[in-house]
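Have a look at this one before I ask anything.
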Amino acid sequence: MSFGWFLLGAASALGAVWAKTRVADFPAQTPVDYTGTGPAIDIREALNGPILCEGAIYGPTGRVAARFVADFEASWDGDTGRMTEHFVYDSGRVQDREWTFTVAGTKITATAPDLVGKGTGKQEGATVVLNYRLRLPKESGGHVLDVTDWMYQVENGTIMNRSQFRMFGLKVGELIATMRPVAVA
């Protein structure tokens, strides 16, 4: 009988964790929640030209695992955009990535060499959400993470980016960053 109570307790705990993540946590947001909020974002304008990015990556315990500064360069030809990213981490490690974005109305698709398949997203109100599967570099284990990026545009054109990294549905990391357009002289 005690094993039955144990199973009931374990199932209840798992159910509570699942409900929290679906109702009151990061995955509970939807783009529709931001309809009509703030300055309407269009990534063809918001992610265009030179961009300075600064941020931190937090590990599963909530401690800072890495800090970085990055230079982005983005350009668009109609609804297709290309953005190169050059990251310099506090460890001295350097990482480069090149994204290709396609916009169709409010829908976004994205590709990059370290993505598994294509990323999909949506822009709504002052936000963009992008979901994709990212393969970590071999020196970081080579694992594939499920990533959700939420980008929130503020009135001065800066984008606040909050990303969560999940493996097997469990959060293993988070990123907080700013992306600011660089004034071209």
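The values are calculated or read from the model by the stated rules, or taken from the named source; none is laboratory data. Bear in mind that the values here come from a model prediction, so they are computed numbers and not experimental data. Ideal geometry is used to build each Cβ from the backbone, glycine not excepted, and the neighbour counts take in all protein chains shown. Keep in mind that these areas ignore ligands, DNA and RNA; they rest on the heavy atoms of the full protein, side chains included. Shrake-Rupley method; radii C 1.70, N 1.55, O 1.52, S 1.80 Å.
Given Gly105, Gly119, Gly141, which one is among the small types (Gly, Ala, Ser) and either touching a strand residue (DSSP E or B) at 6+ places or on another chain (Cβ under 8 Å) or in contact (Cβ under 8 Å) with a residue 40 or more places away in the chain (or both)?
Gly119
Let me ask another. Can Thr120 be described as open to solvent by 50 Å² or more (accessible area, probe 1.4 Å) and over 13 Å from the mean Cα position of the chain (by Cα)?
no
Given the structure, is Val147 surrounded by 15 or more Cβ atoms within 10 Å (Cβ to Cβ) and either touching a residue at least 60 places away in the same chain (Cβ under 8 Å) or on the phi > 0 side of the Ramachandran plot (or both)?
When the stated conditions are applied, Val147 does not pass them.
Oh, and also: Identify, please: which residue in region 17-51 is within 26 Å of Lys171 (Cβ to Cβ) and outside any helix (DSSP H, G or I) and is, among those, modelled with the highest pLDDT?
Result: Leu47.
Tell me, which residue of region 52-64 that is touching a Phe, Trp or Tyr at 6+ places or on another chain (Cβ under 9 Å) and crowded, with 17+ Cβ neighbours inside 10 Å is nearest to Val172 (Cα to Cα)?
The residue in question is Ile57.
Oh, and also: Quick one: how many residues across region 159-184 are of a type outside the set (A, V, I, L, M, F, W, C), open to solvent by 50 Å² or more (accessible area, probe 1.4 Å) and within 11 Å of Pro60 (Cα to Cα)?
Adding up the residues that qualify gives 1.
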